[in-house]
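Bear in mind these aren't lab numbers, they're just calculated from the coordinates by the rules spelled out. Being a predicted model, the structure only gives us computed values, none of them experimental. No Cβ is skipped: glycine too gets one built from the backbone with ideal geometry, and neighbour counts run over all protein chains shown.
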Amino acid sequence: MQGNKNQKQEIWNVGYDRLAQVAIDPVTEQCVMTDARNFSYPNKKEQEPQQAWFDMKFSLQDITKAVVYTVPFFFTGVAHVMLGFEINGQMIVVSPELRYRKGQVFSFKQVLLRKNTLCYLWGAESDLINLRKYVRSNEPVYTWDLSLNAEQIKKLFLDVVERSNAVNASGERYHLVRNSCSRNIIQHLRKAGIRFPMMARLLYTVLPSGLGKFVKSVRPKNIVQKAVQPLATTLNSVSQKVTEQKQLSTIRS
């Protein structure tokens, strides 16, 4: 309870001030996701993104595909890792990462001193991928399909949701090894049935850029060559919540 109290006192950077939650009915397997991000980015880096969030309703049976994204950094082997789920034909991305306070930027010293909070960002692929194209100097983003059957995809999603809901509600501390993006993703993949020998687990926790190749030995696809199409133009049965307009509009097919 103390963690929740401290978390409410924080002022977070735009995009980290509202975190998604996913509710799942265990009987009907109907899901409701709230406060997922759908920011759009202009071509010029100095311009502010258009802020938007959305809610969506779907069934576990609507999740037909799971992928791993890797975003290599300038260090050899170091990368950010995310997961994606195809829901009714649209890719929704979940990204375990640092939650930045207002005015805060990445600091290796703060990471080592465990001054940062972990969060799970849920959002449209067009948000979390185009963010890296337009705002973060055209970072390469690679996607790897996971060879999982329907039951394994369901198991993976349920495990991610359980962890995401808990982390976003409690405000856990980020740890470079024990509670990083790669560590959490590997744990989720193991729960879904992907085997990680001990050495592979240690290697890809510290140097996760090769994680995609490990889980799927196919040529990676760099999807940051062109902008991903905005989710709002195609997604069915989603309520788009735009903070600037303070209104709710329903997107229909």
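Here are the numbers for this structure:
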item	result
Additional length obtainable on full extension of the chain from GLU48 to VAL32, 0.36 nm per residue less Cα span	2.9 nm
Ascending count of other beta-carbon atoms within 10 Å, so fewest first, for GLU172, GLU125	GLU172, GLU125
Over 20 Å between alpha carbons, listed pairs LYS57/LYS154; LYS154/LYS191; LYS57/LYS191	LYS57/LYS191
Stretchable slack from ARG173 to ALA150, in nm (0.36 nm times residue separation minus alpha-carbon distance)	5.0 nm
Amide H partners (placed H, <5 Å) of ARG101, local residues excluded	ASN13
In order through the range 18-34: 3J(HN,Hα) via Karplus (6.51 cos²θ - 1.76 cosθ + 1.60), integer Hz, x for Gly, Pro	10, 10, 6, 10, 10, 9, 10, 7, x, 8, 8, 6, 7, 10, 10, 9, 10
Label-point separation in nm, ARG101 to GLN61, each point 7 Å along Cα→Cβ	4.8
